[in-house]
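Student: Can you read through this structure? Questions will come right after.
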Amino acid sequence: MANALAINPKEMTELFNPGTQMLRVNYYPPCPQPEKVIGLKSHSDVGGLTILLQISDIDGLQIRKDGQWIPVLSLPNAFIINLGDMLEIITNGIYPSIEHRATVNSEKERISLATFYGPNMQAILAPAPSLVTQERPAQFRRISVVDHFNGYFAQELRGKSYLNEMRITKDGE
Ligand SMILES: O=C(O)CCC(=O)C(=O)O
Ligand SMILES: [Fe+2]
């Protein structure tokens, strides 16, 4: 990714090396009225990369694109790769994180395994200096990784609302 962006790889490795790895197992029981509930509310993952495995062949994951919810069809033995908020910040918005949610099925349970590749807990999160230019000023504020995690987990999941709080607005706030 650093190569594709033509940045000094150190700017990326300083944030993610040594990184953290977390695993979440999601279990969505069947619901007779699936249109009235949501399995996992709309959110973007907080960290770097998410590698997701849908265990059963039950669809449920949806991504938001141009304001529309698009189903991600489950392919047998295929991983789904999601970009998280910290990658959006370090790439100064060039690689946006993906907003997604999970729905439930009326008859069958669904299980997914999400592996989160996250940052060094001692690091500071900010756009990579070489991606901050006069034409493209910093889009996000500097914050410690710990404070960023604390802020993210203190809120309920609501789209990309927490990342949006990190955005520097036009008047520099
Ligand atoms: O179950 C899914 O497909 C999505 C899981 C997810 O978004 C998460 O664990 O963060
Ligand atoms: Fe997620």
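Student: State whether the residues of region 40-58 include one that is free of Cβ contacts under 8 Å to residues at least 40 places away in the same chain and polar (S, T, N, Q).
Tutor: no
Student: Quickly run through region 31-51 and pick out the residues that are open to solvent by 20 Å² or more (accessible area, probe 1.4 Å), touching a strand residue (DSSP E or B) at 6+ places or on another chain (Cβ under 8 Å) and more than 9 Å from ligand 1 (Cβ to nearest atom).
Tutor: Listed by number, the residues that qualify are Ile38, Lys41, Ser42, Leu49, Ile51.
Student: How many residues does region 52-76 contain that are among the hydrophobic types (A, V, I, L, M, F, W, C) and more than 11 Å from ligand 1 (Cβ to nearest atom)?
Tutor: Looking only at that region, the number is 4.
Student: Quick one: which of Ala128, Ala138, Ala123 is touching a residue at least 40 places away in the same chain (Cβ under 8 Å), among the hydrophobic types (A, V, I, L, M, F, W, C), open to solvent by 30 Å² or more (accessible area, probe 1.4 Å) and more than 30 Å from Pro29 (Cα to Cα)?
Tutor: Exactly one of Ala128, Ala138, Ala123 is touching a residue at least 40 places away in the same chain (Cβ under 8 Å), among the hydrophobic types (A, V, I, L, M, F, W, C), open to solvent by 30 Å² or more (accessible area, probe 1.4 Å) and more than 30 Å from Pro29 (Cα to Cα), namely Ala138.
Student: Any idea which residue in region 141-153 is farthest from ligand 2 (Cβ to nearest atom), counting only those that are under 26 Å from Lys65 (Cα atoms) and open to solvent by 60 Å² or more (accessible area, probe 1.4 Å)?
Tutor: Looking at the filtered set, the residue picked out is Arg141.
Student: Taking region 22-74 on its own, how many of its residues are within 16 Å of ligand 2 (Cβ to nearest atom) and part of a strand (DSSP E or B)?
Tutor: So the count comes out to 25.
The values are calculated or read from the model by the stated rules, or taken from the named source; none is laboratory data. Values in this document were obtained by computation on a predicted structure and should not be read as measured data. All Cβ positions, even for glycine, are placed from backbone atoms using ideal geometry, and neighbour counts span all protein chains on display. Each accessible area value is taken on the protein alone, full model and side chains, heavy atoms only, with ligands, DNA and RNA left out. Shrake-Rupley method; radii C 1.70, N 1.55, O 1.52, S 1.80 Å.
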